[in-house]
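Visitor: Please read through the structure below; I'll follow up with questions.
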Amino acid sequence: MENETGGFCLEADIKKQLKSFRLELSFQAGGGCLGILGPSGCGKSMTLKSIAGIVTPDSGSIILRNGESRRVLYDSRTGRNERPQARKVGYLFQNYALFPNMTVEENIAAGVRGRERRKKTGEMLERFGLVGLEKRYPLQLSGGQQQRVALARIMAYEPDVILLDEPFSAMDTHLREKLRLELQKILKEYGGVSVLVTHDRDEAYQLCRNMVLMDQGKAMAAGDTRELFQNPVTCKAARFTGCKNISRIRRTGEHTLQALDWGGLELFADRPIGDGITAVGIRAHDFEPLSQGEADRWKEREDGNLIPVREPSVSEMPFEWYVTLENGLWWKTEKSIHAHSAGEVIPPWLRIPPSALILLTGEPE
Amino acid sequence: MDWSPILISMKTASLSIFVTFFLGIFSAWAVIRLEHPAWKAFWDGLLTLPLVLPPTVAGFFLLYLFGVKGPVGKFFLDFFSVKIAFSWPATVLAAVTMSFPLMYRSARGAFEQVNPDLVAAARTLGMGEWEIFRNVILANAVPGVVSGGVLAFARGLGEFGATSMIAGNIAGKTRTLPMAVYSEVAAGNMEAAWMYVAVIVFIAFASVMVMNGAAWKAEGGKRRGK
């Protein structure tokens, strides 16, 4: 991954034996936030703790570059292991880890040394909208305010790297959306490296330019966030990025395949289907509803990809219909909050555009 | 009525809690910082020993170490011409030894209750280990440390077994309140014994009230009022 801003770049290679699996992860993080997406207990937090120096890996290296300069935080070959105090790595804990015995002001000032202390604390109070709360204790604050104090405390310390450990998991949904936007702004203004760990797909997509998908201590896929969501390559990665429909396939031609788990549905892809391809995925939003007349026009074409809608089961969400077809396919379609009858939105046919087929390797679960 | 046991006990208990308080906190910090679990268990066992030994056995060891012929006692006698055994300092020595484990264990428990994320956060913010101990660990363990202090104070005030071994029961010199109760009962002076008992009960009850008050105050300030 090129670091186009020419600023900080973090290179981590971490190996550590955990209780039930081995953590083996290497990645680089440069411009823009790097997201590590994975289920709980996959070793995400341990990765961050290793970078911050809170835990020591069994082996590997953690190096921070800035242009020509190079700072080794940890290297098992040379035995170097910087104290967390010397790493200049900020860590936003899941529950913020504010010092309950200190006021907001004192919390923010905790990491600041020297004559600048007062001035910098004041700046941070201003920047994070905490003016008026200086003398409060953390337990007297709302979840959102607590997170702002924790971020202000980290920013006042001026770290080269900030690590965000599931920053929104302890929050209500409505607050979460608002604070995500706040964080997005803060990360944009921040000049160092940022790494965010989450199990929330939307969060990772919204905040991170690059992403590592992680499971059981290993990276399953890594790359540009949008590309990764468009082409997740493996079944597991597809599942992680929220692909609802995955089926094993049998190749029937250069562009054609038969989906074994969807009642032998014949599909046409706009790309040649390579030898390694073992499965196909379709995102639930990618179906096109067609009337009988429209469907008739596609019927004779090889890239028709038509599916008749028979005995669908429909479930209503505030802004979407969840439709499950007879063969197990999921279709999600937008609806107005005022609409409550699915009758008129259920078309006789659905079509899958050939470009919407995701060709995958590996076994679907 | 002889007031000297009350005076001696107050002096002994005050000085011994002063010593025990800081010694206990420091030992607790030193032990939680040990990384090897075997060393941790060893030191913890050694420091807790006076709590689980019969007080006379603890007193026996003190007498062995601090008696005029014991290694430490002889040293003090030869170099400072100070006789420790059967003098007032011996009551302090006995009280410190016997109350120390309570202080140490309460402090250790309170320190271990402090969320480890707070310590990790403090480290990533560049705070030094001593600063972390003072401003994060100790500051967030106040109720536990205070209650340990009060328990240790009460234990020192009530010390009998080890005191009788190393300090004896010399009226006006090493006769503390518990010793005085014993002596008066042995001499058949129940009325005098009642007086001393009443004083002990009063002090003990007051200590517990102080403990509850301090714990309440430490908690309250940071929660009340939005």
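Visitor: Summarise the accessible area of the stretch A:282-365 (1.4 Å probe, protein heavy atoms) by the percent that is carbon and sulfur.
Guide: Using a 1.4 Å probe with all protein chains present, the stretch A:282-365 comes out at 51 percent carbon and sulfur.
Visitor: I would also like to ask the following. Can you give me the relative contact order of the stretch A:243-300 as a percent, contacts being Cα pairs under 8 Å and 6 or more apart?
Guide: Relative CO of the stretch A:243-300 lands at 35 percent.
Visitor: While we're on this one: Please report, in debye to the nearest 20, how large the charge dipole of the stretch B:4-219 is about its Cα centre when each Lys and Arg carries +1 at its beta carbon and each Asp and Glu carries -1 there.
Guide: Details: 14 positive and 11 negative charges, 83 e Å.
That gives a dipole near 400 debye.
Visitor: Using a 1.4 Å probe on the protein chains only, how many percent of the accessible area of the stretch B:135-226 belongs to carbon and sulfur? Could you put the intermediate results ahead of the total?
Guide: Numbers: 3280 of 4690 Å².
Of the solvent-accessible surface of the stretch B:135-226, carbon and sulfur hold 70 percent.
Visitor: Straight-line reach from B:Lys11: which lysines fall under 18 Å, measuring Cα to Cα and dropping same-chain residues less than 8 apart?
Guide: Reachable lysines: B:Lys173.
Visitor: If you roll a 1.4 Å probe over the heavy atoms of the protein chains, what accessible area per residue do you get for the stretch B:4-219, in Å²?
Guide: Here the residues of the stretch B:4-219 average 50 Å² of exposed surface.
Visitor: Given the options A:Glu320, A:Glu68, A:Glu182, state which has the largest fluctuation in a GNM of chain A using a 10 Å cut-off (strictly under) for Cα springs.
Guide: So, out of A:Glu320, A:Glu68, A:Glu182, the one fluctuating most is A:Glu68.
Visitor: Follow-up. Which whole number gives the average, over all residues in A:152-158, of C-beta atoms from other chains lying within 10 Å of the residue C-beta?
Guide: The mean count of partner-chain Cβ atoms within 10 Å per residue comes to 1.
Visitor: What distance in nm separates the two pseudo spin-label positions at A:Glu302 and A:Leu18, each 7 Å out from Cα along the beta-carbon direction?
Guide: Placing both labels 7 Å along Cα→Cβ, they lie 4.7 nm apart.
Visitor: Taking the solvent-accessible surface of protein heavy atoms with a 1.4 Å probe, what is the per residue accessible area of chain A in Å²?
Guide: So chain A comes to 47 Å² accessible per residue, rounded to a whole number.
Visitor: Cα-Cα over 19 Å: which of A:Lys15/A:Lys44; A:Lys49/B:Lys40; A:Lys16/A:Lys49; A:Lys120/A:Lys178; A:Lys44/A:Lys218?
Guide: A:Lys49/B:Lys40; A:Lys120/A:Lys178
Visitor: Are there any residues in the stretch B:114-129 with a reduction of at least 30 Å² in accessible surface when going from the isolated chain to the assembly of protein chains? Probe 1.4 Å, please list them by number.
Guide: Residues passing the criterion (a loss of at least 30 Å², heavy atoms only) are B:Asp117, B:Leu118, B:Ala120, B:Ala121, B:Arg123, B:Thr124, B:Leu125, B:Gly126, B:Met127.
Visitor: Could I ask something else about it? Residue separation times 0.36 nm, minus the C-alpha to C-alpha distance between A:Gln292 and A:Glu334: what's the value? Intermediate values should be presented prior to the final figure.
Guide: Numbers: separation 42, 0.36 × 42 = 15.12 nm, distance 2.08 nm.
Additional length available on full extension: 13.0 nm.
Visitor: So if each residue of separation counts as 0.36 nm, and I subtract the Cα-Cα distance between A:Ala170 and A:Arg118, what length gain in nm does that give?
Guide: So the chain would gain 15.7 nm between A:Ala170 and A:Arg118.
Visitor: Which semi-axis lengths, in whole Å and largest first, follow from the square roots of five times the eigenvalues of the Cα gyration tensor of the stretch B:4-219? Could you put the intermediate results ahead of the total?
Guide: On the way: eigenvalues 239, 100, 35 Å².
Values for the stretch B:4-219, descending: 35, 22, 13 Å.
Visitor: To continue, here is another question. Between chains B and A, what is the buried accessible area in Å², counting both sides, with a 1.4 Å probe and ligands, DNA and RNA left out, to the nearest 100?
Guide: Counting both chains, the buried surface is close to 2100 Å².
Visitor: Give the relative contact order (percent, whole number) for chain A; include only Cα pairs under 8 Å separated by 6+ residues.
Guide: 16
Visitor: Here's something else I'd like to know. Taking A:Lys188 as the anchor, which aspartates and glutamates have their alpha carbon closer than 16 Å to its alpha carbon, excluding any fewer than eight residues away along the same chain?
Guide: Cross-link targets: A:Glu4, A:Glu158, A:Asp160, A:Glu203.
Visitor: Right, next: Between B:Ala206 and B:Val142, what's the calculated FRET efficiency when r is the beta-carbon distance and R0 is 22 Å? Round to 0.05.
Guide: Step by step, r from the Cβ atoms, then E = 0.65.
Visitor: If you place +1 on the Cβ of every Lys and Arg, -1 on the Cβ of every Asp and Glu, and leave all else neutral, what size is the dipole of chain A about its Cα centre, to the nearest 20 Debye?
Guide: That gives a dipole near 1820 debye.
Visitor: Given a Förster distance of 51 angstrom, what is the FRET efficiency for A:Glu326 paired with B:Val57, based on the Cβ-Cβ distance and rounded to 0.05?
Guide: 0.05
Visitor: B:Met190 to B:Val72: FRET efficiency via 1/(1 + (r/R0)^6), r the Cβ-Cβ distance, R0 51 Å, to the nearest 0.05?
Guide: 0.80
The values are calculated or read from the model by the stated rules, or taken from the named source; none is laboratory data. On a predicted model such as this, the values are computed, not experimentally measured, just so you know. Neighbour counts are summed over all protein chains in view; Cβ atoms, including those assigned to glycine, are modelled from backbone coordinates with ideal geometry. For the accessible areas, the whole protein counts, side chains as well, though only heavy atoms, and no ligand, DNA or RNA atoms are used. Shrake-Rupley method; radii C 1.70, N 1.55, O 1.52, S 1.80 Å.
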